[in-house]
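To start, the structure under review is shown below, and the notes come after it.
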Amino acid sequence: MAETKGKNFQLGATLVGLLPVFLCLIDLRESVFAIQSDMPPFLFILLFCTLGILALPFILIVAWRLRIPWKIVFRGLLTTVVLTLLALATMIYLNSSLRDRAFKRAADHAEIVVDAIKRFERYEGHPPDSLKDLVPKYLAAIPKTSLQSYPEFEYERFQDSGGSLIWWDLGSRRGAPMQGLWVYPDGDPDHAILAFQLDGKGIVVDSRMDRLPDTIRGQALPFSKETWLAKQDQRLFMVGNLIDKHGFVDLHRSKVESLLGPPNGSRILRDSPWELRIQCSLGIMNWDVFFYWPTEHYPEEIYGGWVEKIGKWAYVHE
């Protein structure tokens, strides 16, 4: 009787340990086919940990009620822990690789659309305004992406094929929380920045104070060019009045630099007349993008994230 209880206990512990393995296989299946789960990957990991924590006292209570020898209890607990850790390790190791393969297939599948856009551009003298312009002369119909969670292609024709970003360091936030969302990843992440988006001719099309701390509210100082250039730690308190006074939109880069001095950094934002993309969010507060530029020259950072090149396409990890 005791031997039977021991075997049943071992079997139960194994089944508990296999549950995270089963969930892991579901998650890997979603990675293979790029099927978006209602539960993002980090919640899967949290679920694994929760299952492990909840399973341990349950197993101990069952063992105590059935008077299972502690040697068998230890073996059952070890089985549960090992299987759970195996599931976690498998998911972490394979998830990214399998997802990349799914997007490589999507890039290959998109060649027919890319080719149609390029033929339109060659024969019409300009890129199409939308994918609908390709039908029926260049495409019989707009195909799907081959990714079950992200079936639709999106397309945008840029009025200006150029674009860059210049930015100035505004100093440390001193550990204070940020105002609003973090848009640009440039510079020291603990510092605020003033960023200007330029078109291909060097004209400012947008300005943004990014990563400002909450603590500067009510501490604004009038802008002084001399102080701006000499005391970087004072820029945080002047930048609001600076933007209100000068605006900067439609000014040329040279005029901005004549006032603020050389920027602390710059980078190319866009080097393409059009973009074909697939929105591929991973879940809560995530806006990853998979996109193609005909130049195939991609920046290291764009759309609020870092860029990984996958084939001829680029994947933005937001």
- Among (1) assigned to a helix (DSSP H, G or I); (2) in contact with a Cys (Cβ under 9 Å, 6 or more places away or on another chain), which single condition is Val256 missing? (2)
- Take region 296-318 and flag every residue that is under 18 Å from Gly162 (Cα atoms), of a type in the set (D, E, K, R) and not in a strand (DSSP E or B). Glu296, Glu300
- For region 241-259, state whether one or more residues are closer than 30 Å to Pro128 by Cβ and either open to solvent by less than 70 Å² (accessible area, probe 1.4 Å) or not basic (Lys, Arg) (or both). yes
- Message: With the requirement that a residue be in a loop (DSSP other than H, G, I, E, B) and closer than 16 Å to Asp214 by Cβ, what does region 181-199 give you?
- Response: Leu181, Trp182, Asp190
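Every residue, every condition in (1) open to solvent by less than 40 Å² (accessible area, probe 1.4 Å); (2) at pLDDT 80 or above; (3) not small (Gly, Ala, Ser), yes or no:
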residue: Gly283; (1), (2), (3): yes, no, no
residue: Pro294; (1), (2), (3): yes, yes, yes
residue: His297; (1), (2), (3): no, yes, yes
residue: Gly305; (1), (2), (3): yes, yes, no
residue: Ala314; (1), (2), (3): yes, yes, no
- Determine if region 222-233 includes at least one residue that is of a type in the set (A, V, I, L, M, F, W, C), open to solvent by less than 50 Å² (accessible area, probe 1.4 Å) and assigned to a strand (DSSP E or B). no
- Out of Gly163, Gly171, report the one residue that is at pLDDT below 95, farther than 12 Å from Val113 by Cα, surrounded by 14 or more Cβ atoms within 10 Å (Cβ to Cβ) and in contact with a His (Cβ under 9 Å, 6 or more places away or on another chain). Gly171
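Between Pro177, Pro185, which is modelled with pLDDT under 90 and surrounded by 14 or more Cβ atoms within 10 Å (Cβ to Cβ)? Working first, answer last.
Working: Pro177 fails: surrounded by 14 or more Cβ atoms within 10 Å (Cβ to Cβ).
The unique qualifying residue is Pro185.
Here's a check for you: in region 143-160, which residue that is in a loop (DSSP other than H, G, I, E, B) and open to solvent by 60 Å² or more (accessible area, probe 1.4 Å) is nearest to Phe103 (Cα to Cα)?
So in region 143-160, the residues in a loop (DSSP other than H, G, I, E, B) come out as 143-153, 158-160.
Next cut, open to solvent by 60 Å² or more (accessible area, probe 1.4 Å) only: 144, 146, 148, 152, 159.
Working: Lys144: 13, Ser146: 9, Gln148: 11, Glu152: 14, Gln159: 28 Å.
The residue in question is Ser146.
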- Item | Neighbours by Cβ (under 8 Å, 6+ apart or cross-chain): first from region 210-232, farther than 20 Å from Pro189 by Cα; second among the basic types (Lys, Arg) and open to solvent by less than 60 Å² (accessible area, probe 1.4 Å) | Trp228/Arg235
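Name every residue in region 201-219 that is of a type in the set (Gly, Ala, Ser) and open to solvent by less than 70 Å² (accessible area, probe 1.4 Å), in order of residue number. Can you show your working first?
If we filter region 201-219 for residues that are of a type in the set (Gly, Ala, Ser), which is where we start, we get 202, 207, 218.
Selection gives Gly202, Ser207.
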- Candidates Ser224, Ser258, filtered to the one that is at pLDDT 90 or above, out of contact with any Leu (no Cβ under 6 Å at 6 or more places or on another chain), within 15 Å of Trp167 (Cα to Cα) and of a type in the set (S, T, N, Q): Ser258
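The values are calculated or read from the model by the stated rules, or taken from the named source; none is laboratory data. None of the values given here were measured: they were computed from a predicted structure. Note that we place each Cβ from the backbone using ideal geometry, even for glycine, and neighbour counts take in every protein chain shown. Please note that ligands, DNA and RNA were not included when accessible areas were found on the heavy atoms of the full protein model with its side chains. Shrake-Rupley method; radii C 1.70, N 1.55, O 1.52, S 1.80 Å.
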